[in-house]
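Novice: Take a look at this one; I'll ask things after.
Just so it is clear, none of the values below were taken in a lab; they were calculated from the coordinates. Please read these numbers as outputs of a predicted model, since none were measured by experiment. Note that each Cβ is placed from the backbone with ideal geometry, even for glycine, and that neighbours are counted across all protein chains shown.
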Amino acid sequence: MPQAITPVQLAASLAELWSPRVIGELNDAYVKVAKVHGTLDWHSHAHEDELFFVLQGHLRLEMEDGSVELGPGQMHVVPKGVRHRPVAEHECLLMLIEPKSTLHTGDTTTAHTRSLADQLRAL
């Protein structure tokens, strides 16, 4: 039987920061939630756009040509190839929509990098 899901509750339940989890699929994209705080490393995705939607808190998306400040209910699409660095001064809950081919930290591997297998683990 189909069920409604509540992304903000799923994101709030996450124990790990900067570790997105897949909560749905839409055509050739994954819908993910994440709990973030602090700064993720600079990176880019050469072939994929990435949608950031703030569920709770505030997020700054720093890019080489400026930054975008997002609050609850706001979103921004980082175009493919654009280097970016998400920053959350306080805990922030996010929903992300990105192609299934998108690597977590794109062209960069860091301590925060999570494999697709990690992101597909059950909540």
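Novice: Tell me, which strands (runs of 3 or more DSSP E) wholly within segment 27-123 include 1 or more residues that are of a type in the set (Gly, Ala, Ser)?
Specialist: Details: elements: 29-39, 50-56, 59-63, 66-70, 75-78, 84-99.
In segment 27-123, the matching strands (runs of 3 or more DSSP E) lie at 29-39, 66-70, 84-99.
Novice: Specify which of the listed residues (Leu40, Leu94, Leu59) is surrounded by 13 or more Cβ atoms within 10 Å (Cβ to Cβ), touching a helix residue (DSSP H, G or I) at 6+ places or on another chain (Cβ under 9 Å) and in contact (Cβ under 8 Å) with a residue 12 or more places away in the chain.
Specialist: Working: Leu40 fails: touching a helix residue (DSSP H, G or I) at 6+ places or on another chain (Cβ under 9 Å); Leu59 fails: touching a helix residue (DSSP H, G or I) at 6+ places or on another chain (Cβ under 9 Å).
When all the criteria are applied, what remains is Leu94.
Novice: Using beta carbons and a limit of 7 Å, which pairs, at least six apart or on different chains, have the first residue in segment 62-82 and of a type in the set (Val, Ile, Thr) and the second one not in a strand (DSSP E or B)?
Specialist: If the second residue must be not in a strand (DSSP E or B), the pairs left are Val77/Asp49; Val78/Asp49; Val82/Ser44.
Novice: Do you know which residues across segment 14-26 are within 20 Å of Thr108 (Cα to Cα) and either in a strand (DSSP E or B) or in contact (Cβ under 8 Å) with a residue 60 or more places away in the chain (or both)? Quick ask: steps written out before the conclusion?
Specialist: Here is the first cut: in segment 14-26, the residues within 20 Å of Thr108 (Cα to Cα) are 16-21.
Passing the criteria: Leu17, Trp18, Ser19, Pro20, Arg21.
Novice: Looking at segment 1-37, which of the residues that are of a type in the set (Gly, Ala, Ser) and under 16 Å from Pro86 (Cα atoms) is surrounded by the most Cβ atoms within 10 Å (Cβ to Cβ)?
Specialist: Keep residues of segment 1-37 that are of a type in the set (Gly, Ala, Ser), which gives 4, 11-13, 15, 19, 24, 29, 34.
Subsequent filtering for residues that are under 16 Å from Pro86 (Cα atoms) retains 19, 34.
Values: Ser19: 18, Ala34: 26.
Among those residues, the one meeting the criterion is Ala34.
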